[in-house]
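Participant: What follows is a single structure, and I will ask about it in a moment.
The values are calculated or read from the model by the stated rules, or taken from the named source; none is laboratory data. From a predicted model like this one, the values you see are computed outputs, not experimental measurements. For neighbour counting, all protein chains shown are included, and Cβ atoms are generated from backbone atoms with ideal geometry for every residue, glycine included. With ligands, DNA and RNA removed, areas are computed over all heavy atoms of the protein, side chains included. Shrake-Rupley method; radii C 1.70, N 1.55, O 1.52, S 1.80 Å.
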Amino acid sequence: MYTFDYQRPADRAAAAAAYKGEARYLAGGQSLVQAMKLRLSNSEVLVDLGGIADLKGIKVDANGVTIGAMVTHASVANSADVRKAIPALAELAGGIGDPMVRNMGTIGGSVANADPAACYPAALLGLGATVQTNKRSIAADLFFTGLFQTALQPGELITAVSFPIPKKAAYVKFKQPASRFALVGVFVSQGAGGVRVAVTGAKACAYRVAAMEAALGNSFTPEAAKVVAVPSSDINSDLHGSAAYRAAMISVMASRAVAAALAR
């Protein structure tokens, strides 16, 4: 690991002020710290967000579910309020990594890191969430821009993620057994704004499948999802699965997600 300056501010203003030069915010550290240990990432300053209390709350009301950026995956999974309002979101959080990752990793860190196979990006797109920062609000549809890339500006700090409450929703992933990241994960929701279908693990970043949304808008059934053929031309291909395999799995996982949503 390269040398760096470590700071642990007590509030958002101090965190923003500490971000100078080649600085990085440290949330759960489940990706950044590992990359730094292997010297795959280097930062002059690490700004640890763990001491900022107002980034750790969960609020549920009639308008939706708002989760502070420093709330851990385990806290989301175990929240009775989240399980009641959006059970699919709690189940997604409970399926991330292993207990250590869930107890340390945070929603803000996962979203900011934008791993192409992470689960939370699918939830943000699949529910039409909004990312709240210390500067603005960013719709999920505009947030993920590429491989490990987001709409965040240098020094911009995620403070919370807000999710509207859907009528029905579910997330199903076909996971890589060693890492437990999604080879293909599909989040499906039916809400006031219509049907949303979001996929992770298949491209450089999570994305929506418009053709499947249209099909499910006409008939919200597993059969309607399964018959939609997803093009494989720009799908990821690696030793774990070819582009054609992943494309086929999107239809299968979407079908299973619709079935799970209807079964609630």
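Participant: Assess whether Ser251 counts as being without any contact (Cβ under 8 Å) to a residue 60 or more places away in the chain, among the polar types (S, T, N, Q) and out of contact with any helix residue (DSSP H, G or I) (no Cβ under 7 Å at 6 or more places or on another chain). First the steps, then the outcome.
Facilitator: Numbers: without any contact (Cβ under 8 Å) to a residue 60 or more places away in the chain: yes; among the polar types (S, T, N, Q): yes; out of contact with any helix residue (DSSP H, G or I) (no Cβ under 7 Å at 6 or more places or on another chain): no.
No: the conditions fail for Ser251.
Participant: Have a look at Ile58, Ile96 and point out the one that is free of Cβ contacts under 8 Å to residues at least 40 places away in the same chain and in contact with a Gly (Cβ under 8 Å, 6 or more places away or on another chain). Explain how you work it out, then say what you get.
Facilitator: Values: Ile96 fails: free of Cβ contacts under 8 Å to residues at least 40 places away in the same chain.
The unique qualifying residue is Ile58.
Participant: Which of the residues belonging to segment 159-198 are over 30 Å from Met100 (Cβ atoms), assigned to a strand (DSSP E or B) and of a type in the set (A, V, I, L, M)?
Facilitator: Val195, Val197
Participant: Across segment 224-233, which residue is farthest from the chain's Cα centre (by Cα) among those that are open to solvent by 10 Å² or more (accessible area, probe 1.4 Å) and within 19 Å of Phe174 (Cα to Cα)?
Facilitator: First, pick out the residues of segment 224-233 that are open to solvent by 10 Å² or more (accessible area, probe 1.4 Å): 224, 226-233.
Cutting the leftovers down to within 19 Å of Phe174 (Cα to Cα) gives us 226-232.
Working: Lys226: 24, Val227: 26, Val228: 24, Ala229: 25, Val230: 22, Pro231: 23, Ser232: 23 Å.
Of everything passing the filter in segment 224-233, Val227 is farthest from the chain's Cα centre (by Cα).
Participant: So which of Val60, Val76, Val65, Val71 ends up being touching a Phe, Trp or Tyr at 6+ places or on another chain (Cβ under 7 Å) and surrounded by 18 or more Cβ atoms within 10 Å (Cβ to Cβ)? Break it down into steps so the answer makes sense when it comes.
Facilitator: On the way: Val60 fails: touching a Phe, Trp or Tyr at 6+ places or on another chain (Cβ under 7 Å); Val76 fails: touching a Phe, Trp or Tyr at 6+ places or on another chain (Cβ under 7 Å); Val71 fails: touching a Phe, Trp or Tyr at 6+ places or on another chain (Cβ under 7 Å).
After ruling out the rest, the residue left standing is Val65.
Participant: In addition: List every residue pair whose Cβ atoms lie under 9 Å apart, where the two residues are 6 or more positions apart in sequence or sit on different chains, the first residue falls within segment 68-83 and is in contact (Cβ under 8 Å) with a residue 24 or more places away in the chain, and the second residue, located anywhere, is assigned to a strand (DSSP E or B) and open to solvent by 20 Å² or more (accessible area, probe 1.4 Å).
Facilitator: These pairs meet every condition: Gly68/Ile58; Gly68/Lys59; Ala69/Gln132; Val71/Ile58; Val76/Ile58; Val82/Ile58; Val82/Val60.
Participant: Can you pull out the residues in segment 158-191 that are touching a Ser or Thr at 6+ places or on another chain (Cβ under 6 Å), among the hydrophobic types (A, V, I, L, M, F, W, C) and at pLDDT 95 or above?
Facilitator: Ile158, Ala160, Ala169
Participant: Of the residues Ser110, Ser162, Ser137, only one is surrounded by 24 or more Cβ atoms within 10 Å (Cβ to Cβ) and either among the polar types (S, T, N, Q) or at positive phi (or both); which?
Facilitator: On the way: Ser162 fails: surrounded by 24 or more Cβ atoms within 10 Å (Cβ to Cβ); Ser137 fails: surrounded by 24 or more Cβ atoms within 10 Å (Cβ to Cβ).
After applying the criteria, what remains is Ser110.
Participant: Give the residue that is farthest from Pro116 (Cα to Cα), with candidates limited to residues of segment 28-40 that are in a loop (DSSP other than H, G, I, E, B) and free of Cβ contacts under 8 Å to residues at least 12 places away in the same chain. Steps first, please.
Facilitator: Step one: of segment 28-40, the residues in a loop (DSSP other than H, G, I, E, B) are 28-31, 38-40.
Now narrow it down to the ones that are free of Cβ contacts under 8 Å to residues at least 12 places away in the same chain: 38, 40.
On the way: Leu38: 20, Leu40: 17 Å.
Taking the candidates together, the pick is Leu38.
Participant: Go over the candidates Arg208, Arg256, Arg180 one by one and state the one that is within 30 Å of Ser43 (Cα to Cα), basic (Lys, Arg) and open to solvent by 40 Å² or more (accessible area, probe 1.4 Å). Steps first, please.
Facilitator: Values: Arg208 fails: within 30 Å of Ser43 (Cα to Cα); Arg256 fails: within 30 Å of Ser43 (Cα to Cα).
When all the criteria are applied, what remains is Arg180.
Participant: In contact (Cβ under 8 Å) with a residue 40 or more places away in the chain, within 19 Å of Ala257 (Cβ to Cβ) and in contact with a Phe, Trp or Tyr (Cβ under 9 Å, 6 or more places away or on another chain), is that true of Ala118? Explain how you work it out, then say what you get.
Facilitator: Numbers: in contact (Cβ under 8 Å) with a residue 40 or more places away in the chain: yes; within 19 Å of Ala257 (Cβ to Cβ): yes; in contact with a Phe, Trp or Tyr (Cβ under 9 Å, 6 or more places away or on another chain): yes.
Considered against the rule, which asks whether it is in contact (Cβ under 8 Å) with a residue 40 or more places away in the chain, within 19 Å of Ala257 (Cβ to Cβ) and in contact with a Phe, Trp or Tyr (Cβ under 9 Å, 6 or more places away or on another chain), Ala118 comes out as yes.
Participant: Hey, can you tell me all the residues within segment 43-55 that are outside any helix (DSSP H, G or I) and open to solvent by less than 90 Å² (accessible area, probe 1.4 Å)?
Facilitator: Ser43, Val45, Leu46, Val47, Asp48, Leu49, Gly50, Gly51, Ile52
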